[in-house]
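Reading through the structure tokens given below for one structure.
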Amino acid sequence: MGIPFWKCVTALTMFLVLSLHIVNVHSLAVMSVDIGSEWMKVAIVSPGVPMEIALNKESKRKTPTAIAFRNRERTFGEDALTVGVRFPSNCYIYFLDLLGKKIDNPIVDLYKKRFPYYNIIPDPKRNTVLFKHSESNDQFSPEELVAMMLEKAREFAQDSAGQAINEAVISVPGYFGQAERTAMLKAAEIAGIKVLQLINSYTAVAQFSIESNWIFSWLDVLSESSLAPTALNYGIFRTKSFNETSPMYMMFYDMGAYGTQASVVSYQLIKSKDRIAPELQPHLAVLGVGYERNLGGLEIQLRLRDYLAAKFNDLKLTPNDVTKNSRSMAKLFKEAGRLKNVLSANTEHFAQIEGLIDEKDMRIKVTREELEELCKDLFDKVVLPAQRALEASGLTIELIEQVMLAGAGTRVPKVQERLIKDLKSNQPLGRSLNTDEASALGAAYKAADLSNGFKVKAFITKDATLFPIQVTFDKEVIDENKPAKQVKRILFGHMNPYPQRKIITFNKHQQDFDFTVGYAELSHLHENEVKCLGSLQLSNIKLNGVRDAYSKYQGQEGIDTKGIKAHFAMDDSGLLILQNVELLIEKTVTADTEEESTLSKIGNTISNLFKGPEEVLKEDKPVHETPEEGPIPQASNNTSNNTDTYDHTNSTEQLKLNDTVSISESKKNLKVVTVKETIDVNHEYLFVLPAQDDDLQSSINKIAELKEIDLAKSRKETSLNTLETAIIETREKLEQPDYASSATDIETQSILDKCSEISNWLEDDGFGAEAEVLDSKFNDLKKIVLPVWERTFEHAERPSRLEALTSVLNSSNSFLEKIKNTTLDDTPFTQVEIDTLEKLVSEVSTWKEKQVEEQEKLPKSVDPVLTVQTIAMKHSSIEREMRYLMTKFTSWKPKKKEDPKVKAPTSQTDNEKDKIEEDNDTTVKNNAQEDEVEKPTVDETSSTVEDNAESESPLKTDNTKPIVEPTKTGENFKRFINGDGARQFLVLFYYSCLMHNACSALQ
């Protein structure tokens, strides 16, 4: 019976799909990076591991944001900080806020004041910050330093996931402007990482606080449904807390190392617009944001450092001023950080440093009251970000469900005390968030959502514009004697949600003109904070070809110009994009196409029924506050001209307007066609741009060279460790009797001399040698040591192998003795098989006795004549022969014996019954014989004759009923089914069937 063709095709398709996804399963992982001023946290999402924090080399969950260069070696994290204590100018820290800043920015001035030992110079092309390294005269920009940290973050993520990772979501402070965000994207490009999105840190925290209630799972591509869903072990809210009518308001207060941010967000359930299966989806909207850029743990730590320095100078232990010594100040800075953390849990503690300066130790007692007095003005500012966030949102504290704390700075007791006192909230502060990891895990959830390899529950997130953006242009000049009037139009207002699109229309400009895009009124910011933003003008845009575009349609009838339209978008990363500029014209033309027929409408309706759910969702995807549809593309630094865009729903073929038709017909067939003429754009950026072209490639090459140096260093360390371990182990083994007896005196002395030679070489020149030289030294030692180690192995393993060989010989002899006491007619064996086994056993026994005797005469320091390998070969030969005989015996069935008394059949029915039973017995017998494992021998012909004789027996004894003796075939099969071999057999059988069906179908 043939297999249906459709089943074959289905089996082949499923097999290919399974194979493809098994191959591609190792490229699904994504990561998130929460790179802060002091610490960096990395989270990953990979198949089988929904969300977790990636550990660093020290198995810690966070890594200091620090990079050190010393003797052309680069170190990260804790190792870099260790270098920084001795050589402060070689270790770069707290450089994140220097992204996108010019050399005259107030933040750069503050950085120089805080860390005076860095040599900061201006970039000759961009006038930005460059760190000049004192040892090698190398120069590093903040973008390059951030790229190094991102590269290290990817290394941690790949080690944890066990696969390559190239996509990431990066968390940034909400007060990062266009320059800082662009610089962060460029740093990721230098590191070779594809950024799926830049997410504000408070948005990531807000999302993480509720995402545990929404199922997160790996997409099962085979069954088109999710695997067993795995929820996070953490969750503050429950889905029942949200509803469709009234939103729930929360405040998140995040005090980090450098700055403090507060955000007010709303949570609400919104019904999706899916026409097939609408469902309620969580909606997160940022309503208000407030921040203090310089309010954080760093400022507290710096004040403690200066306080300890002043206290030490007051002790007059040395005439030198400790504040003038950069190394001493670096030690004080590290101790101040430790002291700050301890005083958060204790009321007093001693600050201790050995050899602070001039070999003088420091031991000073500091109380929590002293720390609070030092930072009194800072604690007065604690409530300001929260108050600004409430003011921006238009809400009062009574409407806030709870204030959640995030960031390590909120662990300071005084911070929590001032929040409770000044905010006057009725609810206690929420402390259940993981202050260190909440942002990284929230960004990881977003990374999984944006990745193609995972499927998460729909989660709508709308962030808010912190710095309003406006367009400034001059009105069309009518009277040249009068000055042009400047017009300002708000493009994205303060706290406008994004992502979204906006269109600016210029109705009266018919000549080439330009306009400026920049920050709008920033009255809600402090004057110094406005200066920290840098240039308030973001870009100058010149439009070319406006006059030519208008001239194409001048004098034509039925023309209605709608003006020049500039399409802007604020994407998910908070970056402003000018998508295109075009002249929009509406033409009234005569329609020459017939109205769509009824059958065509029915056909289109039927085709829509077969659209997949993805297509339906794509068509119904909501676009908030935008006149157009489609996703907003990610920002790009390319300043290429925009491409032509046409309205395909209204455009028709070009028609001649001077065709004459009757008035009645023209009224019936008139149709409005929209025509879009693309305008050339010359985009000049006015804020600080990252490196471009040659400078960008130079940065990429610099990072690649440093990576090669790190890899060479790692390989060298591995080779050196291997060589040192080999020397120590060799000397230790030669002191053991088993190894010492396996070597001659000359060999022993030679090995020890070689170890001493390599050890002396290591002390003199070896630690500076390359990995290839170290490997060659290891191979030289291995050549003279390996023969001794092999002899030791032979002497240790030989007794157990000989014992196993003796056991199999005894079993074979026992078997032969039993066979000799029986006739071969009562067994499935032939005489040739028995003789072969007997001859083999005799030869192996003789060989064994001879070899053992010769081996016992030899000393252990001589290469053995009886090796483990030859013993194993002899053992396998006997075992193979015995296995063949046992297999044949277990599948053998004794010959049938006829009943001497043959009864005549009493009826036709009895004869048929006997014949049926005989046929069944014959079938069982033949099946058993087919299962036999045959071995080609000279007796194969006689065995075939015997089978034929048995198959003819029913014909000769029609009136006899054979008696079949029980066999062990059923028991053997049961043991096979219960064993591991059955599972392997079934798997192979399944795939064999698939391939057989596939081949049959193709034929």
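Normalise the Debye intensity by I(0) for segment 380-445, one equal point scatterer per Cα, no solvent, then take log10 at q = 0.13, 0.20, 0.22 Å⁻¹ and round to two decimals. So the normalised log intensities work out to -0.39, -0.89, -1.03.
Global dimensions of segment 294-353 from alpha-carbon coordinates: Rg and Dmax equal 11.8, 35 Å. Remark: spin-label model distance Q537-V487 equals 2.0 nm, labels positioned 7 Å along the Cα→Cβ axis. The convex hull defined by the C-alpha atoms of segment 297-423 has an orientation-averaged projected area of 8.7 nm². A Förster radius of 25 Å combined with the Cβ-Cβ distance from I728 to L858 puts the calculated FRET efficiency at roughly 0.20. Compute the label zone of M886 within segment 832-864: residues whose backbone N is under 20 Å from the point 7 Å along Cα-to-Cβ. From segment 832-864, the list is 833-842, 844-845.
Between the alpha-carbon centres of segment 451-521 and segment 687-731 there is a gap of 46 Å.
On full extension, the segment bounded by K713 and E797 gains 26.2 nm, given 0.36 nm per residue less the C-alpha separation.
Leaving out ligands, DNA and RNA, what percent of the accessible area of segment 708-779 is carbon and sulfur, probe 1.4 Å?
49 percent
Going highest first, how would you order 401-412, 501-512 by mean Cβ packing within 10 Å?
Ranked from most to least packed, the peptides come out as 401-412, 501-512.
Taking amide hydrogens as placed 1.01 Å from N in the peptide plane, the amide H of V673 sits under 5 Å from those of K587, T588, V589, each at least 5 positions away in sequence or on another chain.
Accessible area per residue for segment 793-890 is 59 Å², calculated with a 1.4 Å probe on protein heavy atoms, without ligands, DNA or RNA. Each peptide in 366-373, 526-533 was scored by the mean count of other Cβ atoms within 10 Å over its residues; highest first, the order is 366-373, 526-533. All Cα-Cα distances of segment 254-312, cut into 10 Å bins from zero to the largest, leave 19, 24, 20, 16, 12, 6, 3, 0 percent in each bin in turn. Protein heavy-atom accessible surface, 1.4 Å probe, per residue over segment 242-335: 40 Å². With K and R counted +1 and D and E -1, the other residues having a Cβ less than 13 Å from that of G162 yield a net charge of -3. Checking every one of the trypsin sites (Lys or Arg not before Pro) in segment 106-141 against DSSP loop status and a limit of 14 other Cβ atoms within 10 Å picks out K125. Based on protein heavy atoms only, segment 708-779 ends up with 61 Å² per residue of surface accessible to a 1.4 Å probe.
May I ask you to work out the translational diffusion coefficient for segment 389-526 at 25 °C, viscosity 0.890 mPa s, via Stokes-Einstein with Rh from the Kirkwood sum over Cα pairs, reported in whole µm²/s?
Numbers: Rh = 20.0 Å.
Answer from the Stokes-Einstein relation: 123 µm²/s.
Taking only the Cα atoms of segment 793-890, the radius of gyration and Dmax are 15.8, 54 Å.
Taking R0 as 56 Å, what FRET efficiency do you get between K475 and D321 from their Cβ-Cβ distance, rounded to the nearest 0.05? Kindly include the intermediate steps, with their values, before the conclusion.
Working: r = 63 Å, r/R0 = 1.12.
Taking R0 as 56 Å, the efficiency between K475 and D321 is 0.35.
If you roll a 1.4 Å probe over segment 384-473 with all protein chains in place, what percent of the accessible area is carbon or sulfur? Don't skip to the end; give the middle numbers.
Values: 1610 of 3500 Å².
The C+S portion of the solvent-accessible surface of segment 384-473 is 46 percent.
When the solvent-accessible area of segment 793-890 is split by element, carbon and sulfur atoms take up 53 percent of it, the probe being 1.4 Å.
Please grab the % of Cα pairs in segment 708-779 that end up more than 19 Å from each other. Here the tail beyond 19 Å accounts for 39 percent of pairs.
Among residues other than D306 with Cβ under 12 Å from its Cβ, the summed charge is +4 (Lys and Arg +1, Asp and Glu -1). Between I120 and R72, what is the label-point separation in nm under the 7 Å Cα-to-beta-carbon projection? A separation of 3.0 nm, rounded to one decimal place. With a Förster radius of 56 Å applied to the C-beta separation of Q139 and W789, the computed FRET efficiency comes to 0.60.
Working from label points 7 Å from Cα in the Cα-to-Cβ sense, the K60 to I460 distance is 4.3 nm.
Reported to the nearest whole Å, the Cα centre-to-centre distance from segment 422-442 to segment 377-393 is 15.
The values are calculated or read from the model by the stated rules, or taken from the named source; none is laboratory data. Everything numeric here is computed off the predicted structure, so don't read it as measured data. We place every Cβ from the backbone using ideal geometry, glycine too, and count neighbours over all the protein chains shown. The accessibility values were calculated without ligands, DNA or RNA, using every heavy atom of the protein model including side chains. Shrake-Rupley method; radii C 1.70, N 1.55, O 1.52, S 1.80 Å.
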